[in-house]
Amino acid sequence: MARYVLGRLATTIPILLAISVAVFWGANRVSDPTASLTVNPRIAPEDLAAYREHLGLGEPLIGRYWQWLGNFVQGDLGTSLVQNGAEVWPIVRTAMANTLVLIAIAVIGSLALGIAIGTVSAVRRGSFVDNAATTVSFLGISIPVFWLGLMLQLFFGLYLANWLGVTPPLLPTAGLYSPGQQSFDLVDRLRHLALPVLALSLQLVAVYSRYMRSSLLDVMSLDHVRAARGRGLRERTVVVRHGVRNALIPVSTQAATDAGQLVGGLIVTEKVFQYPGMGRLFLDALFGGDYPVLLASVMITAAAVFVVNLAADVFYGVLDPRIRRDAR
Amino acid sequence: MNQPPTRRRWAVVVIASAMLFAACSGDSSTSDAAPEAPASTPAETEVPAAADSASGGTLVLAVEQWPECINPVTSCANATWTIWSVLIHYLPRLMELDQTNTYVASSLLVEEPTVANGGLVTADDGTFTLTYRLNPEASWSDGTPITSTDVWFTWRAGLDTTGTLSTIGLDLITDVDHSDPHTAVLTFSEPYAPWPTLFSGLLPAHELGPDTDIADQWNDEITVSGGPWIQEEWNQEQHIMVPNRSYWDTERIPLVDRVVMVPREDTDSELLALQTGEAMAAFPQPFPGARERITGDLTYEVAEGTYMEGLWINQDAPDRRFDMTRNVRQAVAYALDRERVADIALGTIVADPPVLQCTGWNPGFGPWCQDDFARYTQDAAKVAELLEAEGWTRPDPDGLWVNAEGEELVLAWNTVAGNKRREDVQALVVEMTAALGIGWEIINYDPGELFQNRLPALNFGPVALYANSTNPDPSVANLYDIDGVPTEENERTGQNFTAYRSQQASDLAFAIDAEVDPAARLELVHELSQILADDVPWIPLYILPNMIIWDATAVSGPGAYVSSPYGGFFDMFDWTVHEE
């Protein structure tokens with residue numbers, strides 16, 4: 001297993017390098033931190049030129065990339081080009097923490113709900129519950145997150161709140177905490193997380209429940225399950241001990257993969273809900289031409305995807321010892 | 001009509017909350033507040049008179065663009081919202097714009113410097129002396145008097161700070177005499193007419209000094225205020241301000257207890273925050289359909305903004321098929337029905353949007369803008385006369401004009417891809433000029449490509465549709481400086497993006513900057529304006545409006561400074577909130 005992990009690590013480094021080159025080139029191609037200064041009549045051309053020099057933008061692209069890479073491998077993420085020299089790491093760290101909280105709640109909650117729904121659907125195959133779950137799941141999979149987010153905002157923030165006569169709404173439509181809040185308040189944070197988590201979760205629950213249903217149906221038809229039944233075990237024990245445990249393998253893999261992708265893929269959700277996470281940081285850095293922040297966020301996201309996927313593979317081995325043996 | 005909350009409604013809330021988070025149901029503040037929630041819709045709630053609710057409460061404002069940092073000298077201050085949401089509320093000004101966007105002495109000055117009172121003196125050797133007499137009662141929020149040393153420090157910080165951006169004007173100052181605490185005497189190397197634009201944010205020497213490089217200070221905290229507000233907190237999630245109770249300008253001591261600004265970084269989010277009651281006012285970019293979308297308790301005010309939009313004609317366009325001569329430029333101007341263009345661009349925001357009739361001066365500021373361009377109304381006969389005078393013919397009466405070399409009058413036209421307003425304008429102009437024999441080849445770019453790569457390299461057009469910012473001061477030298485045309489020789493510096501090379505216009509533009517007598521300056525401005533209307537370096541279309549929206553049931557007072565370069569939140573010291 002150790003060799004397997006090391007092997008995966010070795011293949012990741014060139015991938016990360018390729019990503020950094022592509023992002024660096026792309027960011028410098030499409031955006032410039034001094035763009036808005038170009039047409040500002042209060043800024044003299046010589047001042048602008050001096051400022052670009054100050055930011056190091058006068059250097060050739062390749063030179064700037066090597067300098068960035070050299071610093072990056074030594075753990076120095078550099079300074080922001082648009083935040084007057086602020087260190088990049090604290091900026092990324094804060095966004096990362098916010099995103100991880102959002103993902104953790106969404107994935108864990110969705111996993112629990114998806115597994116429960118999928119199990120019930122599989123056990124009661126063809127029943128009303130199964131059909132209803134199937135219909136709702138397909139609906140959940142079909143609805144785009146951005147549309148769902150907007151609908152949730154309108155429903156909870158506007159229509160329901162107006163109907164109840166509550167202003168501002170119980171579930172806020174944007175932000176990390178209530179305006180004016182100056183100390184940490186768990187309930188307030190959870191209220192602000194509710195809608196983005198819901199927007200993210202609906203699709204995840206739908207996907208996980210479908211995976212769980214089909215996986216459990218496959219497992220339940222295997223010989224060892226029939227043998228367990230033949231030994232006279234209670235159906236509940238058969239389902240939980242022999243069915244669900246084995247059926248969890250593909251679901252957990254999917255969840256781990258989703259979690260990794262979500263780290264960088266929350267752009268839409270975070271934008272819609274004005275949530276200050278990695279997705280919004282990425283967009284702001286991209287459009288602001290702040291390539292040190294952009295590169296740091298992309299590299300950390302890519303690394304997170306890799307780590308989570310690797311963890312999923314390892315976890316897969318824990319659930320299924322045959323995979324551990326294969327890895328050896 | 002809404003009914004009082006019922007058990008059924010609360011059951012819905014409880015179920016919905018339980019589905020999301022069990023923890024949410026324990027929010028005592030919301031569950032406690034619910035039974036006391038108003039039984040009527042906001043529309044049914046009477047708006048209290050301002051006098052009845054003249055103090056107290058928290059004002060929550062939605063801010064469209066959140067500053068990345070708030071240092072008043074570095075690139076942080078280039079973001080308009082750094083000024084609108086932060087600096088304008090804390091930093092005192094020497095001269096300031098009133099509600100009519102005219103520069104007047106601020107309460108920091110005893111009087112406005114004029115030629116008559118000896119405040120403005122042009123010496124025989126060409127130097128220019130400006131004397132500010134400071135109000136002795138003025139002080140920073142920590143009690144330290146505001147003195148001429150602060151003027152000196154602000155000047156030096158503007159020049160000495162690492163990464164300083166705008167040194168225009170400051171670099172002409174050779175000395176600031178601050179020997180008398182209440183008198184600052186500034187010496188310029190030459191007359192500088194836009195002097196009122198300088199020192200629009202005075203810095204406290206005692207707080208930031210003695211080092212005049214302040215790049216590492218005040219990036220996320222303004223520790224001392226010389227304005228109506230004191231900063232309590234600023235971060236990427238909110239900005240909290242409380243009144244400066246010791247502000248010497250007692251008429252501007254705020255009426256509310258607290259202001260909280262929160263980021264809502266697009267128009268839809270701002271509008272939603274206002275509709276849901278999560279914010280009370282916003283100062284968004286005007287958006288199409290505003291007149292239909294702002295309904296219910298929300299009200300809004302629209303006025304001229306600070307960006308002028310038009311067709312900028314690049315006389316050096318590398319891909320031009322013929323020279324963009326004065327006749328061709330005038331013909332294009334006569335081919336347009338600019339009233340229809342303004343209406344298609346802004347008609348859903350404001351009724352009967354006015355057409356901009358001058359190039360460089362915003363009608364909302366001072367007396368500078370005359371109607372020199374009013375002659376350019378759609379006129380097919382004029383188009384024909386101008387083009388025929390240069391040998392253009394129209395072999396097919398329904399076709400395009402063709403020059404002697406056989407080139408059709410087709411103009412490449414760039415703007416920002418995806419900008420609906422501008423794309424609507426393009427579609428209309430293509431349609432309206434087709435009958436007059438002028439064709440267009442539309443090639444749009446993303447903003448980065450157009451503004452960063454093509455504009456500075458004059459690699460656009462020959463026609464581009466975009467907006468340029470205007471200044472209350474009639475200084476337009478950057479636009480028409482004959483040496484400011486970006487070229488290989490000057491390493492693409494300069495902002496004369498039309499490549500308009502008129503020595504007379506360029507000289508006049510610089511003369512305007514050097515004329516400190518307002519009446520004489522106005523004459524120069526009008527003289528230049530007439531030349532520009534004859535030469536048509538670009539075709540003005542309209543001024544983009546500013547807009548402020550507020551919930552009339554929650555707040556009173558917004559709307560007085562909509563067109564101000566200080567932003568619509570400038571006068572929030574006069575606003576009141578209606579608290580239940």
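Restricting the first member to segment B:352-373 and to residues that are of a type in the set (Val, Ile, Thr), and the second to residues that are in a loop (DSSP other than H, G, I, E, B), the beta-carbon pairs closer than 9 Å and six or more apart or on different chains are B:Thr359/B:Val476; B:Thr359/B:Val536; B:Thr359/B:Pro537. May I ask you to verify whether B:Glu309 is of a type in the set (Asp, Glu), touching a helix residue (DSSP H, G or I) at 6+ places or on another chain (Cβ under 9 Å) and within 30 Å of B:Gln99 (Cα to Cα)? When the stated conditions are applied, B:Glu309 passes them. Kindly check whether there is at least one residue in segment A:27-50 that is in contact with a helix residue (DSSP H, G or I) (Cβ under 7 Å, 6 or more places away or on another chain), away from chain B (no Cβ under 13 Å) and on the phi < 0 side of the Ramachandran plot. There is no residue in segment A:27-50 that is in contact with a helix residue (DSSP H, G or I) (Cβ under 7 Å, 6 or more places away or on another chain), away from chain B (no Cβ under 13 Å) and on the phi < 0 side of the Ramachandran plot.
Here is a yes/no grid of residues against (1) aromatic (Phe, Trp, Tyr); (2) crowded, with 19+ Cβ neighbours inside 10 Å; (3) on the phi > 0 side of the Ramachandran plot:
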| site | (1), (2), (3) |
| --- | --- |
| B:Trp84 | yes, yes, no |
| B:Met95 | no, yes, no |
| B:Gln99 | no, no, no |
| B:Val115 | no, no, no |
| B:Gly118 | no, no, yes |
| B:Asp124 | no, no, no |
| B:Tyr132 | yes, yes, no |
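Only one of the numbered conditions (1) over 30 Å from B:Ile443 (Cβ atoms); (2) outside any strand (DSSP E or B); (3) away from chain A (no Cβ under 14 Å); (4) touching a helix residue (DSSP H, G or I) at 6+ places or on another chain (Cβ under 7 Å) is violated by B:Thr553, and that is (3). Summed over segment B:372-424, residues that are under 19 Å from B:Asp535 (Cα atoms), within 33 Å of the chain's Cα centre (by Cα) and aliphatic (A, V, I, L, M) total 2. If you go through segment B:254-283 and keep only what is in contact (Cβ under 8 Å) with a residue 12 or more places away in the chain and either polar (S, T, N, Q) or part of a strand (DSSP E or B) (or both), you end up with B:Arg258, B:Val259, B:Val260, B:Met261, B:Val262, B:Pro263, B:Thr267, B:Ser269, B:Gln275, B:Ala281, B:Ala282. Being surrounded by 17 or more Cβ atoms within 10 Å (Cβ to Cβ) and either in a helix (DSSP H, G or I) or within 14 Å of another protein chain (Cβ to nearest Cβ) (or both) is a condition met by no residue of segment B:389-412. Just to be sure before I move on: is B:Gln217 within 14 Å of chain A (Cβ to nearest Cβ) and either part of a loop (DSSP other than H, G, I, E, B) or free of Cβ contacts under 8 Å to residues at least 12 places away in the same chain (or both) in the structure I sent? The answer is yes for B:Gln217. Restricting to segment A:182-227, and then to whatever is away from every other protein chain (no Cβ under 14 Å) and of a type in the set (Lys, Arg), can you tell me which residue is surrounded by the most Cβ atoms within 10 Å (Cβ to Cβ)? The qualifying residue surrounded by the most Cβ atoms within 10 Å (Cβ to Cβ) is A:Arg213.
Filtered by the rule that a residue be farther than 18 Å from A:Leu154 by Cβ and more than 11 Å from chain A (Cβ to nearest Cβ), segment B:256-289 gives B:Val256, B:Ala281, B:Phe283, B:Pro284, B:Gln285, B:Pro286, B:Pro288.
Among the helices (runs of 4 or more DSSP H) confined to segment A:117-181, the ones with at least 3 residues that are within 14 Å of another protein chain (Cβ to nearest Cβ) are located at A:145-152, A:160-164. Of all the criteria given as (1) part of a loop (DSSP other than H, G, I, E, B); (2) surrounded by fewer than 16 Cβ atoms within 10 Å (Cβ to Cβ), the one not satisfied by B:Val224 is (2). Filtered by the rule that a residue be under 22 Å from B:Leu91 (Cβ atoms) and not aliphatic (A, V, I, L, M), segment B:258-274 gives B:Arg258, B:Pro263.
No lab work stands behind these numbers, since they all come straight from the coordinates. This one's a predicted model, so the numbers in the text were calculated from it and none came from an experiment. Neighbour counts run over all protein chains shown; Cβ positions are idealised from the backbone, glycine included.
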